[in-house]
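*Asks:* Below you'll find the structure I mean.
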Amino acid sequence: MLRYLSAGESHGPELTVIVEGMPSGLAVSKAAIDEQLRRRQQGYGRGLRMKIETDQVEVTSGVRFGKTLGSPITLHVVNKDFVHWTDRMAVWDEAPDNLKQVTRPRPGHADLAGAIKYDHEDIRNVLERASARNTATMVAAGALARQLLRHFGIDITAHVVEIGGVQAKQVPTDWDTLISTCDESQVRTADKAAEAAMIARIDEAKEKGDTVGGVFEVIIRGCPIGLGSYVHPDRKLDGQLAAAMMSIQAIKGVEIGLGFEAARRFGSEVHDAIVHDGSRYLRPTNGAGGLEGGVTNGEPIVLRVAMKPISTLYQPLASVNMATKQAEPATVERSDYCAVPAASVVGENVAAWVIAQAFLDKFSGDSIAQIEEQVAAYARRVAGR
């Protein structure tokens, strides 16, 4: 079973990921992981933290001469900003007498609920782990998983379709054009006409000390028919993907295929007809978003993910000082004005992890060679149906 465990705080020494279940013999690249970490740090509307950190991964186990060993893989991402936080985030030292505790929870953040749940007086104990800085671990793990997927012809991309109510209207359908256009965009949108309006919306929020959210779309192509399962609810791939997306900080909604639009149409306008071209089954449309009954149907998987505005506001909302119970403005932490472009990159890599899990569940094996044999045999079987 492919799984990972992550650890680390936003301003602690480092972030750590331990990956278990990756088969042996897979050629992996540090540069490929670093590239995904770099992409996560990009995007118009990011805050000052991104000017401090230059995330790169260090691998200390599970890989030899560029190939996986089948044993646990340990990934480290150093927090460069820790040098400025050694007094406030020390692991062993006593807390300094002048330590300023965070006691005013931010509406929309895990601050209040987390402090009550874990019995913390200093909310920093909550926000350091709840911080979206932890998405670097999601991306590192996902970047490793997507190298497995690419080996078997599965590709993933994402693009921003809305920021602060400004929607992308003209999106290219060609895969390579979509990727190149988004990579050139400051907000990772494929609609050049909408890009300027999205940037203006972020600038408007910045001027007000406010934040904006948006929607991004993740597309996965190359999945064979049969990943996931309909026999148990927890094995449905659409449920797993939705849960994974909701685990990303600030995500509040997920659609698959037509999503909520399907609820407004007749069934004849929603479901995808089935045809056979003499060699395989095809769908002229993809309203299902590549998933039927929790199982991949061979069409691209399409997810749309809604991100709320970031909780930290530079014009803070009303809150309560947990130490005095008096009304005070919420705490202000260094943050972004808009992180939707970055979240789309996180979404890509989170999706990669889930698809890799489903892929290895379907085609199990201890080595890449064993899995290749299973994939080839399955392809022959499917071709004969």
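*Asks:* For a quick check of your reading of the model, give me the residue pairs whose first member lies in the range 313-336 and is touching a residue at least 12 places away in the same chain (Cβ under 8 Å) and in a loop (DSSP other than H, G, I, E, B), whose second is surrounded by 15 or more Cβ atoms within 10 Å (Cβ to Cβ) and among the aliphatic types (A, V, I, L, M), with beta-carbon atoms closer than 7 Å and at least 6 apart or on different chains.
*Replies:* 316/330; 317/330; 322/115; 331/102; 333/127; 335/310; 336/310
*Asks:* Name the helices (runs of 4 or more DSSP H) wholly inside the range 69-179 in which the number of residues that are closer than 17 Å to residue 346 by Cβ is 1 or more.
*Replies:* 124-130, 135-151
*Asks:* In the range 62-92, what count of residues is obtained for those that are polar (S, T, N, Q), closer than 30 Å to residue 151 by Cβ and open to solvent by less than 30 Å² (accessible area, probe 1.4 Å)? I'd like the intermediate steps shown before the answer.
*Replies:* Of the residues in the range 62-92, the ones polar (S, T, N, Q) are 68, 71, 74, 79, 86.
After this cut, where a residue has to be closer than 30 Å to residue 151 by Cβ as well, the list is 68, 71, 74.
Remaining after also requiring open to solvent by less than 30 Å² (accessible area, probe 1.4 Å): 68, 74.
Matching residues across the range 62-92 total 2.
*Asks:* Let me confirm something: among 229, 268, which residue is open to solvent by 50 Å² or more (accessible area, probe 1.4 Å) and of a type in the set (S, T, N, Q)? Can you show your working first?
*Replies:* Working: 229 fails: open to solvent by 50 Å² or more (accessible area, probe 1.4 Å).
On inspection, the qualifying residue turns out to be 268.
*Asks:* Identify, from the list 114, 165, 142, the residue that is open to solvent by 20 Å² or more (accessible area, probe 1.4 Å) and at pLDDT 95 or above.
*Replies:* Numbers: 114 fails: open to solvent by 20 Å² or more (accessible area, probe 1.4 Å); 142 fails: open to solvent by 20 Å² or more (accessible area, probe 1.4 Å).
Answer to the selection: 165.
*Asks:* Among the listed residues 289, 293, 298, identify the single one that is open to solvent by less than 40 Å² (accessible area, probe 1.4 Å), over 20 Å from the mean Cα position of the chain (by Cα) and at positive phi.
*Replies:* On the way: 289 fails: over 20 Å from the mean Cα position of the chain (by Cα); 293 fails: open to solvent by less than 40 Å² (accessible area, probe 1.4 Å).
Answer to the check: 298.
*Asks:* Just checking, does the range 202-223 include any residue being touching a residue at least 40 places away in the same chain (Cβ under 8 Å), surrounded by 20 or more Cβ atoms within 10 Å (Cβ to Cβ), among the polar types (S, T, N, Q) and in contact with a Leu (Cβ under 9 Å, 6 or more places away or on another chain)?
*Replies:* Yes: one or more hits.
*Asks:* Pull out all pairs, ordered by first then second residue, where Cβ-Cβ is under 8 Å, the residues are six or more apart or on different chains, the first lies in the range 228-253 and is under 30 Å from residue 335 (Cβ atoms), and the second is in a helix (DSSP H, G or I) and of a type in the set (Phe, Trp, Tyr).
*Replies:* What qualifies is 244/353.
*Asks:* Out of all the residues in the range 40-83, which are over 20 Å from the mean Cα position of the chain (by Cα), at pLDDT 90 or above and under 29 Å from residue 203 (Cβ atoms)?
*Replies:* 80, 81
Here's the yes/no breakdown for (1) over 19 Å from residue 188 (Cβ atoms); (2) open to solvent by 70 Å² or more (accessible area, probe 1.4 Å); (3) not polar (S, T, N, Q):
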site: 4; (1), (2), (3): yes, yes, yes
site: 12; (1), (2), (3): yes, no, yes
site: 17; (1), (2), (3): yes, no, yes
site: 33; (1), (2), (3): yes, no, yes
site: 38; (1), (2), (3): no, yes, yes
site: 46; (1), (2), (3): no, no, yes
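*Asks:* Exactly one of (1) touching a Phe, Trp or Tyr at 6+ places or on another chain (Cβ under 7 Å); (2) more than 30 Å from residue 56 (Cβ to Cβ) is unmet by residue 145. Its number?
*Replies:* (2)
*Asks:* I'd like to verify a number: residues in the range 232-252 that are open to solvent by 80 Å² or more (accessible area, probe 1.4 Å) and in contact with a helix residue (DSSP H, G or I) (Cβ under 7 Å, 6 or more places away or on another chain), how many? If you could, list the steps in order and put the result at the bottom.
*Replies:* Taking the range 232-252 and keeping what is open to solvent by 80 Å² or more (accessible area, probe 1.4 Å), we get 232-235, 246, 252.
From what is left, the residues that are in contact with a helix residue (DSSP H, G or I) (Cβ under 7 Å, 6 or more places away or on another chain) are 233.
Of the residues in the range 232-252, 1 are open to solvent by 80 Å² or more (accessible area, probe 1.4 Å) and in contact with a helix residue (DSSP H, G or I) (Cβ under 7 Å, 6 or more places away or on another chain).
*Asks:* Within the range 280-297, is even one residue part of a loop (DSSP other than H, G, I, E, B) and more than 23 Å from residue 156 (Cβ to Cβ)? Talk me through it step by step, then tell me what you get.
*Replies:* Kept after step one, since they are part of a loop (DSSP other than H, G, I, E, B), are these residues of the range 280-297: 280, 283-290, 293-294, 297.
Add one more test, that the residue is more than 23 Å from residue 156 (Cβ to Cβ), and what stays is 284.
Yes, that holds for at least one residue.
*Asks:* Continuing with this model, one more query. Considering only the range 301-308, I want to know if a residue exists there that is assigned to a loop (DSSP other than H, G, I, E, B), under 29 Å from the mean Cα position of the chain (by Cα) and in contact (Cβ under 8 Å) with a residue 60 or more places away in the chain. Quick ask: steps written out before the conclusion?
*Replies:* If we filter the range 301-308 for residues that are assigned to a loop (DSSP other than H, G, I, E, B), which is where we start, we get 308.
Remaining after also requiring under 29 Å from the mean Cα position of the chain (by Cα): 308.
Still in the list and also in contact (Cβ under 8 Å) with a residue 60 or more places away in the chain: 308.
Yes: one or more hits.
*Asks:* Okay, next question. On the basis of being crowded, with 18+ Cβ neighbours inside 10 Å and closer than 19 Å to residue 157 by Cβ, does residue 305 make the cut? Outline the logic, then answer.
*Replies:* Working: crowded, with 18+ Cβ neighbours inside 10 Å: yes; closer than 19 Å to residue 157 by Cβ: yes.
Here the answer is yes, as residue 305 does meet what is asked.
The values are calculated or read from the model by the stated rules, or taken from the named source; none is laboratory data. Please read all numbers here as calculations on a predicted model, not as lab measurements. For neighbour counting, all protein chains shown are included, and Cβ atoms are generated from backbone atoms with ideal geometry for every residue, glycine included. Note: accessible area is taken over every heavy atom of the protein model, side chains too, but ligands, DNA and RNA are not part of it. Shrake-Rupley method; radii C 1.70, N 1.55, O 1.52, S 1.80 Å.
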